[in-house]
Amino acid sequence: MASDAAPHSTDDWPHLSGTIRDGRHVLAVRVYYEDTDFSGVVYHASYLRFMERGRTEYLRLIGADHRALFEPAGAPGHAFVVRSMAIEFLKPARMDDVLEVMTGPDEVKGASVVLSQRVCRAGEVLVDAHVRVAFVSGGRARPIPKALRIAMRADAPPGG
């Protein structure tokens with residue numbers, strides 16, 4: 001069966017990007033052996049990878065996948081980079097757990113956004129983080145395109 005989609009397109013595997021639910025992105029992640037320490041508990045740095053995937057897929061679903069930011073049709077040479085992160089490790093996850101990485105905007109400014117991220121297991125919060133990402137090009141902060149700010153609900157009225 002022929003397809004017009006690019007090879008490895010998320011159009012062929014839409015569930016890989018997670019979903020937007022109640023204004024927040026939700027991505028399912030299974031814990032593998034490689035994610036754990038010697039005792040079978042998730043190693044702390046693995047949560048950073050899980051949350052990076054959550055942020056990447058959130059941006060993809062609202063129209064800003066990373067590859068497109070570097071291509072001429074997008075915003076060439078632009079990227080979102082982590083500027084700061086506050087993280088609390090509340091409870092451990094273990095090998096074979098299925099986790100949900102939830103990502104949503106807390107604050108959107110001209111060239112940066114603060115995202116709230118939680119890693120949960122069966123509704124229980126395991127990790128809580130707030131991540132400030134900057135929109136940059138050539139090593140300097142640049143304004144986030146208006147369409148993207150709107151997609152992140154930056155221009156929504158308070159409480160909306």
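The values are calculated or read from the model by the stated rules, or taken from the named source; none is laboratory data. Values in this document were obtained by computation on a predicted structure and should not be read as measured data. For neighbour counting, all protein chains shown are included, and Cβ atoms are generated from backbone atoms with ideal geometry for every residue, glycine included.
Structure values in brief
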{"read-out": "Selection status of A147, assigned to a loop (DSSP other than H, G, I, E, B), modelled with pLDDT under 95, farther than 22 Å from S39 by Cβ and of a type in the set (A, V, I, L, M)", "value": "no"}
{"read-out": "Residue list for the stretch 104-129, restricted to those being in contact with a Ser or Thr (Cβ under 6 Å, 6 or more places away or on another chain) and surrounded by 14 or more Cβ atoms within 10 Å (Cβ to Cβ)", "value": "G104, L115, Q117"}
{"read-out": "Criterion: of a type outside the set (S, T, N, Q), at pLDDT below 85 and not in a helix (DSSP H, G or I) - qualifying residue of R83, R153", "value": "R153"}
{"read-out": "Any pair with Cβ under 9 angstrom, 6 or more apart, that starts in the stretch 117-142 at a residue that is in contact (Cβ under 8 Å) with a residue 12 or more places away in the chain and more than 19 Å from R55 (Cβ to Cβ) and ends at one that is assigned to a strand (DSSP E or B) and among the hydrophobic types (A, V, I, L, M, F, W, C)", "value": "R121/V98; R121/L99"}
